[in-house]
Amino acid sequence: MNLGIGSRLKHKTYGEGVLAAISLEYFTISFPGHGLREIDRKTDQLELIESIEPVANTITFDEVEDALMKILKKYIEPEQKVELGNKWKGGLMVLEPADQNQAVKEIPIETFFHKIVMVRDRLRVLEQNVNSHKGLSDEEKVNLQQYITKIYGSLTTFNVLFKNEEDHFKGEGGK
């Protein structure tokens, strides 16, 4: 049902009510004598009495989510200052294929280093999301955390690029 706030609906248990709010999963309906009730949008318990057109300039959930993510990235997860080791500054990473008919690929070491730091930062965010996830059991969190730790361990090869040891990847041995 594509309804706007103020639409009138009839519920099999609560009777007639007025649509007060809409979320992705629920309609919040005000029922006289029963107050506000959240009703699953997919229910077959509702009958439409009078439809009000949805307001065209409402903001979508995706737009709210995008705005929130921008705010979080800007204020909550500020990019940490991670320094490239001095010996690598201005350097070039050269990937030379075994097949001489293929072109050599050159990447500024700063570009490669930035991508490695982004991987590390995203792993940290993933780790926080796993640890705070309400739908996962403690056992599931531990299992996922072990995978994340193994990923950190796989990335220890790149520690040579970092100037400061506290920025290094640490796997199972370095917890």
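The values are calculated or read from the model by the stated rules, or taken from the named source; none is laboratory data. Computed from a predicted structure; not experimentally measured. Cβ coordinates were reconstructed from backbone atoms using ideal geometry, including for glycine residues, and neighbour counts include every protein chain displayed.
Would the range 12-28 turn up any residue that is of a type in the set (Lys, Arg) and in a strand (DSSP E or B)? Show your work before the answer.
Within the range 12-28, the subset of a type in the set (Lys, Arg) is 12.
Next cut, in a strand (DSSP E or B) only: none.
Checked against the condition, which is being of a type in the set (Lys, Arg) and in a strand (DSSP E or B), the range 12-28 yields no hits at all.
Can you tell me which residue within the range 16-70, out of those that are modelled with pLDDT of 85 or more and small (Gly, Ala, Ser), is farthest from Leu3 (Cα to Cα)?
Among those residues, the one meeting the criterion is Gly33.
Count, please, the residues in the range 82-109 that happen to be free of Cβ contacts under 8 Å to residues at least 60 places away in the same chain, charged (D, E, K, R) and in contact with a helix residue (DSSP H, G or I) (Cβ under 8 Å, 6 or more places away or on another chain).
1
Going residue by residue through the range 121-134, is there one that turns out to be touching a residue at least 24 places away in the same chain (Cβ under 8 Å), within 30 Å of Leu92 (Cβ to Cβ), in the same structural domain as Val94 (by TED's automatic domain parsing) and in contact with a helix residue (DSSP H, G or I) (Cβ under 8 Å, 6 or more places away or on another chain)?
Among the residues of the range 121-134, at least one is touching a residue at least 24 places away in the same chain (Cβ under 8 Å), within 30 Å of Leu92 (Cβ to Cβ), in the same structural domain as Val94 (by TED's automatic domain parsing) and in contact with a helix residue (DSSP H, G or I) (Cβ under 8 Å, 6 or more places away or on another chain), which makes the answer yes.
Regarding Leu155, is this residue within 20 Å of the chain's Cα centre (by Cα) and assigned to a helix (DSSP H, G or I)?
Taking the combined requirement at face value, the residue does not satisfy it.
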